[in-house]
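Remarks on the structure that follows.
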Amino acid sequence: MMGTEYWGWAGEAHLREHGESGGAVSGLLASVLSSYDEVIVIRKTGTVFEAEVHTLDSPQGIARVQGALHAVSIELSHYLQLGRKTAIVLKPCEARAVIENIKRNHVRREDVLLIGLNCGGTLPPVKTKEYLRTQFGVSPGDIAKEEIAKGNLIFFTTDGQELSRSIDELEEAGYGRRESCRYCDVKIPSMCDIACGNWGTPAEKHITFLEVFTDAGAAALEAAVDGGYVSVSEPGEKLAAVRKKIEGIMVKMAKGWQEKMLGPFMAMEPKERLDAIHAALAPCIGCYACRKACPVCKCGDDCKCFQADPDDQLPISMFHAVRFLHLMESCVGCGQCSDACPMEIPLAHLHQLFAKAYEGRTGYKPGMSCGDIPPLSRGDFPEGY
Ligand code: SF4
């Protein structure tokens with residue numbers, strides 16, 4: 001095989017028919033099971049708003065696991081185990097979390113095949129279902145598929161209708177993507193072995209754009225093609241450029257949201273900013289759900305440095321202070337902490353304030369490459385930091 005970019009589709013007719021975008025990812029998964037212990041995916045259990053984590057050790061059942069399921073933001077990186085050879089299908093933030101876990105020796109890079117999905121953002125299920133009912137008069141159970149394309153959030157119903165709204169308008173009205181997805185600026189997961197998606201493919205054809213980033217990715221795809229699990233062709237040059245253009249538009253949108261959501265905090269005087277952070281954290285009940293949900297932090301319940309003193313009178317307990325410091329150079333912006341918090345504290349927003357400021361000052365962005373050493377470990381902070 002030549003090059004690093006392909007259009008692909010499943011070799012088997014039933015995977016082509018039932019799989020998303022021609023089933024190339026399903027075909028790849030069926031193939032890699034001959035050299036990996038397991039495949040970890042999410043699998044729809046009801047509507048597109050309900051899914052479970054599923055581990056496969058044989059190709060049986062592959063046909064049931066297709067689809068990006070943007071309305072189910074389960075964080076799959078939690079499910080990797082040291083010593084298991086695993087292929088795993090991930091959104092960019094999940095893949096970045098795996099990279100951070102590899103740096104901390106919780107996972108070995110050579111044991112995992114990272115199959116990334118291009119991602120324009122995920123949807124909060126409860127609000128999205130409410131939106132479907134109130135704005136379109138449609139039951140969530142009648143949705144067969146959702147996607148973000150050409151600046152619109154599009155729902156495809158089981159009876160063939162296409163319901164579409166501008167993502168900008170939706171988000172101005174308080175609907176649309178999860179907050180952390182709006183300002184996430186990693187849309188094509190280049191830290192993976194292979195990135196997959198339908199950006200840069202002809203709308204009328206049912207195929208997947210595959211971009212290979214590593215030797216392991218090239219070997220996996222080559223084995224899948226040789227075994228008849230996946231067929232590939234060279235992508236059309238024009239549409240390959242369209243894929244990059246879509247990525248550029250999505251990143252530009254994300255930068256706009258960063259400015260809008262994080263900018264006002266950044267513009268505050270230090271004391272004012274600290275007061276705002278204290279006020280945001282004031283409702284905390286110390287349940288530690290945010291710590292458990294975090295795909296990067298591996299501190300367990302017995303981690304003493306994170307136990308807030310019940311008599312703690314500090315406006316920010318040591319728990320949050322330590323988390324801000326350690327996530328400043330490792331937060332991948334997945335938003336799981338915000339989703340888990342019973343007090344609805346915008347934790348991802350707060351952590352990204354620190355992480356984005358740190359990234360701006362040092363140029364270090366967590367989760368992009370196993371070879372990137374954080375500045376704190378390198379000890380070469382830019383002058384004046
Ligand atoms: Fe506090 Fe929310 Fe974290 Fe619980 S999940 S410890 S309430 S910030």
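Readers should treat all values here as calculations from the given coordinates under stated rules, not as data from a laboratory. Here the structure is a predicted model, which means the values were calculated and not measured. Positions of Cβ are generated from backbone atoms using ideal geometry, with glycine treated the same way; all protein chains shown enter the neighbour counts.
General remarks:
- Amide H contacts for L117 (H built 1.01 Å from N in the peptide plane; partners 5 or more residues away or on another chain; cut-off under 5 Å): L90, K91, C196.
- Of interest is the spacing of the C-alpha centroids, which for region 82-115 and region 1-76 amounts to 17 Å.
- For region 125-176, averaging the sequence separation of C-alpha pairs within contact (under 8 Å, six or more residues apart) and dividing by the residue count gives a relative contact order of 26 percent.
- Separation of region 136-182 from region 199-257 is 23 Å, based on Cα centroids.
- Neighbourhood net charge (11 Å Cβ-Cβ; Lys/Arg +1, Asp/Glu -1) for E247: +3
- FRET E, pair K244, A218, Förster distance 22 Å, beta-carbon r, rounded to 0.05: 0.60
- Highest-fluctuation residue, S21, S73, S164 considered, GNM on the chain with Cα pairs under 10 Å: S164
- For region 125-176, the Kirkwood estimate of the hydrodynamic radius, built from every pair of different alpha carbons, is 11.0 Å.
- The ranking of C297, C184, C287 from fewest to most other beta carbons within 10 Å of each one's beta carbon is C287, C297, C184.
- Residues R104, R96, R165, R243 arranged by fewest to most Cβ contacts within 10 Å: R104, R165, R243, R96
- Computed [θ] at 222 nm, helices only, for the chain once each DSSP H run of length n ≥ 4 contributes -39500 (n - 2.57): -10500 deg cm²/dmol
- Residue pairs, from the table K103/K244; K103/K356; K145/K252; K129/K205; K44/K129; K127/K260, whose Cα atoms sit over 18 Å apart: K103/K244; K103/K356; K145/K252; K129/K205; K127/K260
- Over the chain: Rg over Rh, Cα atoms, Kirkwood Rh: 0.97
- Ordered by the count of other Cβ atoms within 10 Å of each Cβ, fewest first, F155, F136 give F136, F155.
- Contact order normalised by residue count of the chain, Cα under 8 Å, 6+ apart, percent: 18
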